[in-house]
Amino acid sequence: MILDINNFGSFSSEVWGTVSEWAMVGVTSLTAFYLFKTLKSQQDVQRTQNELFKIESLRFKESIKPILKYSGYIDKGKLSDENKKILTIEVMNEANSTALNISKIVSENKQTHQIFIPKGFSDIRDHLVKGDSPIMFHFLIEADSRKSNFLVFNVTYQDISGTKYKQGVFCICDHYGLEIHPYLPEMEM
């Protein structure tokens, strides 16, 4: 009786294959399993890197975003029309980043009457850096202090990377004084 290593009883090598073929199937299966695990791990790393990129991108945008501050006063200057006064809004930049291409014309509605009063060379400037003299916007309002003057206007500007912003400002000027309420700046597309 000759012992055939490829044939063990009813396990014929022509039907079931040899030990080396089964070893190859095992190694291939094990390789496929670890390739799948590696691919899943790489996908997790890629997802994490994408989230980190979004966070860093937002952090960068916020670090270069100008922050405009608004203050105002009623001009004491004389006008030919006794029923009108001049409301001056000063705009300053509180952030260390530069605000570029600041709009000069901020009103285009019937309630808000913007006027232009040249007060110096800085009136042609369209950028603001922290510590600069303010950019001024002038508006014609009713002189009667018993009437409430509501003023709404938008200021558009850019940061140093070219992102455009639009910020609305709502002002109330009445016998109680002057209130200025800027909205949160919106990014323009």
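The values are calculated or read from the model by the stated rules, or taken from the named source; none is laboratory data. Quantities reported herein were computed from a predicted structural model and do not represent experimental measurements. In this analysis, Cβ positions are derived from the backbone assuming ideal geometry, glycine residues included, and neighbour counts consider all displayed protein chains. These accessible areas exclude ligands, DNA and RNA; they are computed on the full protein's heavy atoms, side chains included. Shrake-Rupley method; radii C 1.70, N 1.55, O 1.52, S 1.80 Å.
From Ser107, Ser133, Ser103, Ser80, which residue is within 21 Å of Lys69 (Cβ to Cβ), out of contact with any Phe, Trp or Tyr (no Cβ under 9 Å at 6 or more places or on another chain) and polar (S, T, N, Q)? On inspection, the qualifying residue turns out to be Ser133.
The residues listed here are Ser107, Ser97; of these, the one that is in contact with a helix residue (DSSP H, G or I) (Cβ under 8 Å, 6 or more places away or on another chain), under 23 Å from Met189 (Cα atoms) and of a type in the set (Ser, Thr, Tyr) is Ser97. Candidates are the residues of region 100-134 that are more than 11 Å from Phe153 (Cα to Cα) and touching a Leu at 6+ places or on another chain (Cβ under 6 Å); the one that is least open to solvent (accessible area, probe 1.4 Å) is Ile115.
For every residue, the table says whether it meets (1) touching a residue at least 60 places away in the same chain (Cβ under 8 Å); (2) assigned to a loop (DSSP other than H, G, I, E, B); (3) surrounded by 11 or more Cβ atoms within 10 Å (Cβ to Cβ).
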{"position": "Thr48", "(1), (2), (3)": "no, no, no"}
{"position": "Lys54", "(1), (2), (3)": "no, no, no"}
{"position": "Lys61", "(1), (2), (3)": "yes, no, yes"}
{"position": "Pro66", "(1), (2), (3)": "yes, yes, yes"}
{"position": "Ser71", "(1), (2), (3)": "yes, no, yes"}
{"position": "Ser80", "(1), (2), (3)": "no, yes, no"}
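If I filter region 173-189 down to residues being in a strand (DSSP E or B), more than 17 Å from the chain's Cα centre (by Cα) and farther than 14 Å from Lys69 by Cβ, which single residue comes out as modelled with the highest pLDDT? Within region 173-189, the match that is modelled with the highest pLDDT is Glu179. Residue count for region 114-172 under the criterion of being within 29 Å of Arg59 (Cα to Cα) and either among the small types (Gly, Ala, Ser) or part of a helix (DSSP H, G or I) (or both): the result is 5.
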